[in-house]
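Read the structure below first, then the notes.
The values are calculated or read from the model by the stated rules, or taken from the named source; none is laboratory data. Here the structure is a predicted model, which means the values were calculated and not measured. Cβ coordinates were reconstructed from backbone atoms using ideal geometry, including for glycine residues, and neighbour counts include every protein chain displayed.
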Amino acid sequence: MQNYDVYENPLITRYASRAMSSVFSERNRIGLFRKLWIALAESEKELGLKITDEQIAQLKKFADDINFERAAELEKEVRHDVMAHVRAYGEQAPDAMRIIHLGATSCYVTDNADIIIYRDALKLIGKKVLNVINNLKNFALKYKALPTLGFTHLQSAQLTTVGKRASLWLYDLYLDYIDVENALKDFRLRGVKGTTGTQASFLALFDGDDAKVKKLEKTVASKMGFDKVFSVTGQTYTRKFDYKILALLSQIAQSASKFSNDMRLLQHMKELEEPFEKSQIGSSAMAYKRNPMRSERITSLSRFVMSLPSNGAFTAGTQWLERTLDDSANRRIVIGQAFLALDGILEIFLNITENICVYEKIIKKHIDAELPFMATEEILMACVKAGGDRQELHEKIRVLSMESARRVKQDGGENDLVERIKKEKLFASVHADLDGILDAARFTGRAAKQTEELIKDEIEPLLKAHGSELDLKGNVNV
């Protein structure tokens, strides 16, 4: 229940999904601490340390029964969150108290748990990206051949198609997903490294047996579901790894922001529109308005996510020697909030792409206002082929274009260039063919084929490989 008397993070109360919030919950984090302590104790026992089955059974009994209140009391006393949880766990499992955290430093649980959390969070992000890709694929195929004005510098340019424009959004996300896959393949635990990363404490536990220390790390990693660990660390794994995660989340936010800004522009032009619910209010003052609030929210949250990699860079670049604690409070805020914000972005992204409204008559109206200017070269060439003088034709069509442009810009009239051409005997040879020359589909190049090829060659194979994951619907919390 929301507490209205204190600040509560809107990423939790308004934007992120329950699933992502759970990944970053304290219950999940401390639960991972306990799993890591159990894995360490089991592995140490298997390699010959005097740890009993009863001690491990007691640890397992209370693995999920976390006494948070007692840990909070202890932390006020010892001012150390990990040791508070060690003691709280030990009070529940007194026979195992002496072997909890044996040989480890705090970063054994904090860093390894963080890595598991980030991996699981990135899997959730990847699944949502896949589902947005699927939505955009369907949209791009449906409108692959629908001509629309292209824009460069936000000025009318050659035609493209609605589907081809969507393929730009689609391809950005496809490249992002490939990076997500590669990042997940590269995830590795910090491992069992000891206080300064030298494994000295574990070497002492195993009486200098180097092979057992190496085996210990591999065994713990395997129990936690990893086949790789960081080869070397200080007390912490390199914080450059955190920067890479933030940079990847930023990339996805960049793709979402590009999409949302395009949607806002197109909704302004009344060509495309995000979903608008029956009882939704666009403006508190102007009842007629249909503001693009979903796209605006994506833009807003994306700006936040895109700002965070620089924070990770500063953290990585200011670590002192084997470690310093100035990363701890910072990382608790920055990385979790990056994932939560991006999760909220993708929820909205899914929602919009499930039902983008396309207003084909408005799109055609905008084409009709610009296409006659774009078609002048085609008209000119057709007249020359029919025996006309290229220079004379060029000058005449230039004059007519200027007159028509003046009518549009100064008088607020419609583009009447075609009517002017039809009245000129100089262009009589193409009068009967003007409708064909002005067919918008003739000006879209390979847009439809490019869209088909992207989907066939790259998008469909990806979606086919992950078909069981394409089951998400977007949710706009408020």
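Yes/no matrix, rows are residues, columns are (1) acidic (D, E); (2) modelled with pLDDT of 90 or more; (3) surrounded by fewer than 19 Cβ atoms within 10 Å (Cβ to Cβ); (4) farther than 30 Å from K473 by Cα:
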residue	(1), (2), (3), (4)
I363	no, yes, no, no
L371	no, no, no, yes
M381	no, no, yes, yes
L393	no, no, no, yes
D416	yes, no, yes, yes
K425	no, no, yes, yes
Consider segment 149-164. How many of its residues are surrounded by fewer than 21 Cβ atoms within 10 Å (Cβ to Cβ), in contact with a helix residue (DSSP H, G or I) (Cβ under 9 Å, 6 or more places away or on another chain) and not hydrophobic (A, V, I, L, M, F, W, C)? 3
Can you find, within segment 180-208, the residue that is modelled with the lowest pLDDT among those that are surrounded by 20 or more Cβ atoms within 10 Å (Cβ to Cβ) and of a type in the set (V, I, T)? V192
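Looking for whichever is under 23 Å from L266 (Cα atoms) and among the β-branched types (V, I, T) here; the options are T444, T376. Which one fits? Steps first, answer last, please.
Working: T376 fails: under 23 Å from L266 (Cα atoms).
None of the other options fit; the residue is T444.
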Contacts under 6 angstrom Cβ, first residue in segment 188-201 being over 13 Å from K214 (Cα atoms), partner among the aromatic types (F, W, Y), 6 or more apart: R188/F230; L189/F226; R190/F230; R190/Y237
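Of the residues in segment 445-465, how many are charged (D, E, K, R) and in contact with a strand residue (DSSP E or B) (Cβ under 7 Å, 6 or more places away or on another chain)?
Initial filter on segment 445-465 (charged (D, E, K, R)): 446, 449, 452-453, 456-458, 460, 464.
So of that shortlist, the ones also in contact with a strand residue (DSSP E or B) (Cβ under 7 Å, 6 or more places away or on another chain) come out as none.
Matching residues across segment 445-465 total 0.
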Among the residues in segment 114-136, are any closer than 30 Å to E370 by Cβ, in a helix (DSSP H, G or I) and either in contact with a helix residue (DSSP H, G or I) (Cβ under 8 Å, 6 or more places away or on another chain) or modelled with pLDDT under 95 (or both)? yes
In segment 1-21, the residues that are surrounded by 10 or more Cβ atoms within 10 Å (Cβ to Cβ) and part of a loop (DSSP other than H, G, I, E, B): E8, N9, A16, S17
State all residues of segment 307-329 that are buried (at least 19 other Cβ atoms within 10 Å of the Cβ) and either in a helix (DSSP H, G or I) or over 14 Å from the mean Cα position of the chain (by Cα) (or both); if no residue qualifies, say none. P309, G312, T315, R323, D327
Please count how many residues of segment 36-72 are among the charged types (D, E, K, R), under 14 Å from A96 (Cα atoms) and within 35 Å of the chain's Cα centre (by Cα). 0
